[in-house]
Structure formats: structure tokens, C-alpha cells
1. How many nm is it between the label spots at residue 129 and residue 108, if each spot is 7 Å from the Cα in line with the beta carbon?
2. State, to one decimal in nm, how far the label point of residue 276 lies from the label point of residue 295, with both points 7 Å from Cα in the Cβ direction.
3. Would you tell me the accessible area of residue 215, worked out with a 1.4 angstrom probe on the heavy atoms of the protein chains, in Å² to the nearest 10?
4. Compare 123, 50 by solvent-accessible area with a 1.4 Å probe and give them largest first, with all protein chains kept in place.
5. Would you pull out the residues with amide H under 5 Å of residue 273's amide H, same chain only if 5 or more places away, H placed 1.01 Å from N?
6. Please go through the residue pairs 161/190; 37/190; 103/142; 160/190 and name each one whose alpha carbons sit more than 21 Å apart in this structure.
7. Estimate the FRET efficiency between residue 51 and residue 239 by the formula 1/(1 + (r/R0)^6), using the beta-carbon distance for r and 41 Å for R0, to the nearest 0.05.
8. Using modelled amide H (1.01 Å from N, peptide plane; none on Pro or chain starts), what sits under 5 Å from the amide H of residue 172, excluding residues fewer than 5 places away?
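The values are calculated or read from the model by the stated rules, or taken from the named source; none is laboratory data. All values derive from a computational prediction rather than experimental measurement. In this analysis, Cβ positions are derived from the backbone assuming ideal geometry, glycine residues included, and neighbour counts consider all displayed protein chains. In case anyone asks, the SASA skips ligands and DNA or RNA and just uses the protein heavy atoms, side chains included. Shrake-Rupley method; radii C 1.70, N 1.55, O 1.52, S 1.80 Å.
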Amino acid sequence: MSGQTNDNVILFPKTVEFYQFELTRLLEAERYGEAMKLLRFLLACQSDDDRAREEWRSLLDWLQVMFPDLALGQEDESEELSEADLLRQHMHAKGEQKGDYAKRLLASLREQRAVDKQLLALDQLAFLEDEGIDEELIGWLKEDAGRHPLIQFKALQTLKKRGATGSVTLYKNGEATVVEIEDTPAAFDKFPSQIQEIINRVQEISETQHPALSYFASETWNEFLAFIYGTSAYRQILRQDAACVDVWAAALHLTLLEQVFEGGDKSELLELYGITSDLAFQWEQAYRMMQQFAANVFTRRL
């Protein structure tokens, strides 16, 4: 991604999938300058995936319109300014120049179905000074029971950034769940320690057994947390004892091997994580939830 031509770089299907995950991560972290650089790199490579190329071009055009300063490389003007700071300044100026900008973003949020575009709209709404945004966002969250779980979670984070408080009822995984806006983790690394221990365990095991799995594990775990956040399954993880760290870690590991790496040895993996007969019931519950997640989310990724 040094700016050189990449005509001789061929992107295979698994490579395309990897970079799609990377783009999602950069958007979630509000690192828009890096996302634009990655998109330019990808568009300079060879790929038979015309649909992905069309999405990359559309996303790059969108980012360049939304953040012209970052598009011109001006994000390096001050080492002390993060992209979040630049976004806050940019959105403040936008709000002053266009009094209806918040309404336009909210309308875009309702009209857009692409996850990446909705993530961008939510990021911008977090920094606009408009008293009506909170109520509109809460109402929008309640409208669609089938909304992408990443979007549901991002909307809660947006409301928290805006200083909103109170409870919101969401419909997820066949149940109604009540979440408190102020309790929403501001980032994935802000989840409780027992949640962090699960992904750490997977990465520890995968370093020696499946090195290529480590990156996918982190991104997939983040999506899973968004998928179950606030539900009975999430509360169950928080209540479980230390032994269940291995239960959930093994369930995530096997699911990744099946979904991304085309299979794995279940018996070998359970032995590797020390899943004894005493933990068999908890394991089956965790694995079943992972399968539900995979069926609902893996096919809806960017």
C-alpha cells in the first residue's frame, strides 16, 4: 500500500474476504484515512470479484465525499489530532454550514441497507449537535427487528457518545432485550474481563495450532459480541465460572475452522481446550449459539 502500481497483485477469494474484514474493522474504529488507503490499494489489484470491486469503488467515493480533508491526506497535519478529533471538527463545520445535515444523515440511515454506509452515518451522527438525534436514533433502532447486529450495537455506541442515557428495547435472536445506553462498551476492548479472556484463549491456542486463524478470531468474536449483546446468552457468559472460558473459546475456534477454513477435527479441538464430559452440556449450548450466529451473520458480512 505504498502507492506503487499493483497490477501484478492478484486477489484470490479468501484474500478478498480477509480485506473485507479489515475494512469493517477500520470503519468500526473510525480510521477513515487508513480505510481510503486500503481501498485505493485494493482497486489497483487484480480480482475476478466484480461485486467486491464495485463495493470498494462506491465506498471510496462515499468516504472521499464525506471526509475530503482525509482524502487529501490532511489527517497528518497534527500528530496530536486523532481521526476522531478531525471527524468531530469536520462534523461541527458541516452542521454549521448545513442546518439540515443531521436530518439528511438520519434519512440516509433509513434509506441505506449497506452496512458500511450505515456505519459511516452513525459515526457522523455521534458528533453532530442536534437535540433531536437521540430520539430519532432510538426510534430507528426499534423499527426493524431484523436489523444487522453490528448496526444495532454501533447505534448504541453512538447514543452513548452523544451522552444519551436510559433503556432501549431491542429485538435480537428471537427475544426482546432491554439494554441501558450508558452501560454499552465504548469499544470492543471495553467489554468485561471474562469476555476478553475468551478471545485471548483462542489466540493463545491458534498461535501454535492454526496461525492464520488469529486475525479472523478477533474480528469474528467482535461480531459475535454485537450479535448477542444484551441478550440472555450474553448475560449467561457474564455469570459463568472460569472453566467456561475454554467452552466458549473452543466453540468459537471450531466455528471458524468450519466457516473460514473448511473444517476441523472436533474431538481434537475439545481435547486441546480441555473440554471434559462435565463441560459437555455447556459446550453444546455455546456451540449451538455460535452456529446460530454463523447462519445469521457470516452470509451478511460486507
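1. 2.1
2. 3.2
3. It works out to around 50 Å².
4. Ranking 123, 50 by accessible area, largest first, yields 50, 123.
5. Here the answer is none, since no amide H 5 or more places off falls under 5 Å of that of residue 273.
6. With Cα atoms farther than 21 Å apart: 37/190.
7. The computed FRET efficiency comes out at 0.45.
8. For residue 172, whose amide H was placed from the backbone, the distant partners under 5 Å are 177.
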